[in-house]
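The values are calculated or read from the model by the stated rules, or taken from the named source; none is laboratory data. Just so you know, these numbers come straight off a predicted model, no measurement behind them. Here the Cβ is made from the backbone with ideal geometry for all residues, glycine too, and neighbour counts use every protein chain on show. Only protein heavy atoms, including side chains, enter the accessible area calculation; ligands, DNA and RNA are left aside. Shrake-Rupley method; radii C 1.70, N 1.55, O 1.52, S 1.80 Å.
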Amino acid sequence: MNAKKIRTAAAVVIALMILVYVGVSAFFAFSNMGIETETVSYGQVSDSLQAQGFAIRNETLVVGEYDGVISYRMADGTRVAKGGVIADVYQSEDDAAAWSRIERIDREVANLQALSQPADFYSSNTSAIGSQIYTSLNSLSAALRGGEFSQISQLKENLQNALNRRQILISEETAEDFALHISELEGERAQLAASAGGAVASITAPVAGYFISGTDGLESVMAMDEVEDITPTEAKELLAQEPGEGPAHAVGKVCSDFNWYLVFVLGENDMVKLEDVEEVTLDIPFASSGPVPATVVAKNRDTQTGETAVVLECSTMDSDLALVRNELIQINVRTYSGILVDEKALRFLDWETTSTDENGNVTTQVTENVKGVYVKRGDRLEFVQVFTNTSVNGVAVCRTELTEEERNSMVTENTIQLYDEVVVGGTNLYDGKIIQ
């Protein structure tokens, strides 16, 4: 064979190899087209429903006949005893502002006097004070994020006290420095007390409980002992009421019980989720930083309309929850934990397994409708069987810790694991498929 023929044959072979390579690459590219994966992780989902809820509490209005300017002694959510002073009445805004400043001075002086005692700061250490500062900062930040503004003044004082303590420990300030500042504050207090007029009256709490300065005119729409018998029609009438203003000279109200009720109406489809349910949690936007536990105490169904008035009892109370009246709420019926997988990833296959006995006989067994997902293992797809607790809002909750019965029923070698790359979209999928 001459050189020309050799070169021609080599060129043909190379061209064929290129064509084969291009063809194989195109085949794999086409077969992998549209394959989409997601990395799964551990998490929680709640089976929940939403409803408009109406809060009913044991509320007593605080009404005082006064002529002047009110200065509250109590912050919202503060516990008050029966007969305890809630607010003072002054003749002018200037008098009220002066006595408010005097109260702040008294608290600051008390803190500084405690810091000026040698036994106090000599027994402390910088690491402990540093921890106090960070704790105070975190508490203040959490209160700001959660809208708990009634606590901010006290939290700010706690932070300032911790910072002052640190100044003493690192010798940037001394007890004498604080004594000088105390003297200045006491001088300011004396001037304010001499020029400001005193309170002309005080307003006291009619009952013991938690004080709230706001009123909405709906404090007495239903008695607490009637709530559990409420009908869907009555509940709708409550939900249709608009908040207004309280009576003249109302300066707030006192919630005398921790326990309060939340009423809402559900249709037949939503009531399915509450069958055999006694305990739930509530998410109330802008009113709670976390789930509020509640107990289902009544389900009053109207047989003609199919609607049910649901009554929940709550035993959590704070300044924000005490202001809830007519709010959109989320009722979390059940919470599930596990590997969270998009429902689009679930597949149902007829799975073949083979076994060989001691005589070499091969037996094939087919298990129908095996629930599983395709997982990317290197450059291949592997079908793995999954065991799910439930599916909530398009998310399947899969278990990794299986019972003995579930392990014995497995037909694939593996089940899903944390951080698996699961196929959520694609065509022409099969176990062992090579992907690029």
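Regarding THR356, is this residue surrounded by fewer than 16 Cβ atoms within 10 Å (Cβ to Cβ), free of Cβ contacts under 8 Å to residues at least 60 places away in the same chain and out of contact with any Phe, Trp or Tyr (no Cβ under 6 Å at 6 or more places or on another chain)? Yes.
Please work out if SER391 is touching a helix residue (DSSP H, G or I) at 6+ places or on another chain (Cβ under 6 Å) and more than 11 Å from ILE339 (Cβ to Cβ). Criteria met by SER391.
PHE258 meets the conditions (1) open to solvent by less than 70 Å² (accessible area, probe 1.4 Å); (2) part of a loop (DSSP other than H, G, I, E, B); (3) closer than 27 Å to SER48 by Cβ; (4) free of Cβ contacts under 8 Å to residues at least 60 places away in the same chain in every case but one. The failed one is (1). Of the residues making up region 405-422, one or more are touching a helix residue (DSSP H, G or I) at 6+ places or on another chain (Cβ under 8 Å) and within 20 Å of VAL40 (Cα to Cα). Counting only helices (runs of 4 or more DSSP H) that sit completely within region 124-240, those holding 3 or more residues that are loosely packed, with under 13 Cβ neighbours inside 10 Å and modelled with pLDDT under 70 correspond to 126-146.
Applying a threshold of 9 Å to beta carbon distances and a minimum spacing of six or more residues, or different chains, the list of pairs starting in region 64-90 at a residue that is touching a residue at least 60 places away in the same chain (Cβ under 8 Å) and over 16 Å from HIS249 (Cβ atoms) and ending at one that is polar (S, T, N, Q) and surrounded by fewer than 18 Cβ atoms within 10 Å (Cβ to Cβ) reads ALA75/SER153; ALA75/GLN154; VAL80/THR204; LYS82/THR204; GLY83/THR204; GLY84/THR204; VAL85/SER202; VAL85/THR204. Here VAL272 does not fit the description of being among the aliphatic types (A, V, I, L, M) and under 29 Å from ALA75 (Cα atoms).
With respect to the conditions (1) farther than 30 Å from ALA201 by Cβ; (2) under 28 Å from the mean Cα position of the chain (by Cα); (3) in contact (Cβ under 8 Å) with a residue 12 or more places away in the chain; (4) open to solvent by less than 40 Å² (accessible area, probe 1.4 Å), GLY290 lacks only one, and its number is (3).
The set of residues in region 261-275 being open to solvent by 40 Å² or more (accessible area, probe 1.4 Å) and either free of Cβ contacts under 8 Å to residues at least 60 places away in the same chain or in a loop (DSSP other than H, G, I, E, B) (or both) consists of GLU268, ASN269, VAL272, GLU275. Scanning region 372-393 for residues being loosely packed, with under 15 Cβ neighbours inside 10 Å and under 19 Å from TYR419 (Cα atoms) gives a total of 5. Among the residues of region 377-392, those identified as within 34 Å of the chain's Cα centre (by Cα) and part of a strand (DSSP E or B) are VAL384, GLN385, THR388, ASN389, THR390, SER391, VAL392. Is there a residue being among the small types (Gly, Ala, Ser) and touching a residue at least 40 places away in the same chain (Cβ under 8 Å) anywhere in region 232-240? Yes, some residue in region 232-240 is among the small types (Gly, Ala, Ser) and touching a residue at least 40 places away in the same chain (Cβ under 8 Å). With respect to the stated conditions, GLY246 fails to be closer than 20 Å to GLN52 by Cα and touching a residue at least 24 places away in the same chain (Cβ under 8 Å).
For region 342-350, the count of residues that are in contact (Cβ under 8 Å) with a residue 12 or more places away in the chain and among the basic types (Lys, Arg) is nonzero.
Among the residues making up region 85-101, a single one is under 28 Å from ASP257 (Cβ atoms) and open to solvent by 20 Å² or more (accessible area, probe 1.4 Å): VAL85.
Residues in region 394-436 that are exposed (fewer than 13 other Cβ atoms within 10 Å of the Cβ), hydroxyl-bearing (Ser, Thr, Tyr) and either touching a strand residue (DSSP E or B) at 6+ places or on another chain (Cβ under 7 Å) or under 18 Å from LEU349 (Cβ atoms) (or both): TYR419, THR427, TYR430. Within region 59-73, being among the β-branched types (Val, Ile, Thr) and modelled with pLDDT of 85 or more holds for THR60, VAL62. In this structure, does LYS299 turn out to be over 21 Å from the mean Cα position of the chain (by Cα), open to solvent by 30 Å² or more (accessible area, probe 1.4 Å) and of a type outside the set (Asp, Glu)? In short, yes.
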